[in-house]
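Following: one structure in structure tokens, then a few remarks.
The values are calculated or read from the model by the stated rules, or taken from the named source; none is laboratory data. Bear in mind that the values here come from a model prediction, so they are computed numbers and not experimental data. Neighbour counts are summed over all protein chains in view; Cβ atoms, including those assigned to glycine, are modelled from backbone coordinates with ideal geometry.
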Ligand SMILES: NC(=O)c1ccc[n+]([C@@H]2O[C@H](COP(=O)([O-])OP(=O)(O)OC[C@H]3O[C@@H](n4cnc5c(N)ncnc54)[C@H](OP(=O)(O)O)[C@@H]3O)[C@@H](O)[C@H]2O)c1
């Protein structure tokens, strides 16, 4: 597996890293479907073993994935996978519980202690603020950052991360948070990385980047021949791309064209979709959801770096679907 330097952390992580949101299974929160169907613990454990063997040694989770189920599954692996061979990331920010504020300092501390316990580790390598909404007048921003710096001094976290679905929201607060790593949403149909100003900040400050949902929850592979109705508890029931027959047909056609254009690659479609995001970001990796050993095997074969010209061609192909 090709590795990249994750910006100023100076850690070498796989260009195709592993996301474990789906390991939480079906889940609802605040009346919303926020999980994934078809999760199977044994299959996920086999995927993690295969990932370690393939050099996919950066694992991303969050306190809210399956309300801790994903973290607990990762934490149960250290008998088979040495903890110190994994770059481990988790997040805080989407659980409020009884607290009226997601980023109340007392809540953040409770959540970190819970994450460390479930992950069965003394420290996580990377700890993200999961979104950029810090309350009225950003009242919880500075206290949250101060607390994360204290966690770092206490040896409970090594680096600070910042995430959001909106690059613009990340850019608005990035100077005050000063993260070591950002986790933005990016794929070939949603690409505001440069236009938002995030790319410029990343380059000026040597920040690491981990793009999430790089194949739009699986839809970009062109594997759906008809609209899908996901069950209650599956996040994808809220994503309109899965219910639009015309868009799914366009995605199939684009995938077919990539298969022809990159026929010499082991995984032509996956490699092109991922490589297009990494060509302009030397400190970046993708967080690809991998649910099974087969998906891990495909990810391990999809790490060829695209040339700038190839990447531009892939991005241009999807301009008609930009959102
Ligand atoms: N910071 C945030 O707010 C945030 C938000 C979202 C995600 N994330 C992170 O990013 C990670 C990835 O995002 P994501 O899970 O939304 O989506 P993704 O990586 O774009 O898509 C992953 C899904 O695609 C399908 N897939 C993957 N490889 C495949 C293959 N070789 N062949 C066929 N299907 C394949 C699998 O689902 P099926 O098998 O069910 O089709 C898999 O779960 C998450 O796990 C999480 O760690 C972070």
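For region 147-167, the set of residues classified as at negative phi and more than 15 Å from the ligand (Cβ to nearest atom) consists of 147, 148, 149, 150, 151, 152, 153, 154, 156, 157, 158, 159, listed by residue number.
Suppose we filter region 185-229 for residues that are assigned to a loop (DSSP other than H, G, I, E, B), in contact with a strand residue (DSSP E or B) (Cβ under 8 Å, 6 or more places away or on another chain), more than 13 Å from the ligand (Cβ to nearest atom) and closer than 18 Å to residue 311 by Cβ; how many remain?
As a first pass, look at region 185-229 and keep what is assigned to a loop (DSSP other than H, G, I, E, B): 186, 188-189, 191-197, 206-207, 213-215, 222-229.
Now narrow it down to the ones that are in contact with a strand residue (DSSP E or B) (Cβ under 8 Å, 6 or more places away or on another chain): 186, 193, 207, 213-215.
In the following step, the residues that additionally are more than 13 Å from the ligand (Cβ to nearest atom) were identified as 193, 207.
Narrowing the set further to residues that are closer than 18 Å to residue 311 by Cβ leaves 193.
Looking only at that region, the number is 1.
Remark: pairs (first residue in region 214-242, at positive phi; second residue more than 9 Å from the ligand (Cβ to nearest atom) and outside any helix (DSSP H, G or I); Cβ separation under 6 Å; 6+ apart in sequence or on different chains) = 233/26; 233/27; 233/28; 233/33; 233/35.
The set of residues in region 151-174 being out of contact with any helix residue (DSSP H, G or I) (no Cβ under 8 Å at 6 or more places or on another chain) and not in a loop (DSSP other than H, G, I, E, B) consists of 152, 153, 161, 168, 169, 172. Among the residues that make up region 80-87, is at least one of them within 14 Å of residue 24 (Cβ to Cβ) and at pLDDT 95 or above? Within region 80-87, not a single residue is within 14 Å of residue 24 (Cβ to Cβ) and at pLDDT 95 or above.
Scan region 97-117 and give yes if some residue there is touching a residue at least 12 places away in the same chain (Cβ under 8 Å), assigned to a strand (DSSP E or B) and in contact with a strand residue (DSSP E or B) (Cβ under 7 Å, 6 or more places away or on another chain), otherwise no. Checked region 97-117: no residue is touching a residue at least 12 places away in the same chain (Cβ under 8 Å), assigned to a strand (DSSP E or B) and in contact with a strand residue (DSSP E or B) (Cβ under 7 Å, 6 or more places away or on another chain).
Of the residues making up region 161-191, those that are buried (at least 19 other Cβ atoms within 10 Å of the Cβ), within 22 Å of residue 15 (Cβ to Cβ) and more than 13 Å from the chain's Cα centre (by Cα) are 167, 170, 179, 180, 188, 189, 191. The sole residue among 62, 44, 72, 50 that is within 11 Å of the ligand (Cβ to nearest atom) and part of a helix (DSSP H, G or I) is 44. On inspection, residue 17 fails the criterion of being within 20 Å of residue 164 (Cα to Cα), in a helix (DSSP H, G or I) and within 11 Å of the ligand (Cβ to nearest atom). When region 243-289 is filtered for residues that are in a helix (DSSP H, G or I), without any contact (Cβ under 8 Å) to a residue 24 or more places away in the chain and farther than 17 Å from residue 1 by Cα, the ones remaining, listed by number, are 243, 245, 246, 249, 259, 260.
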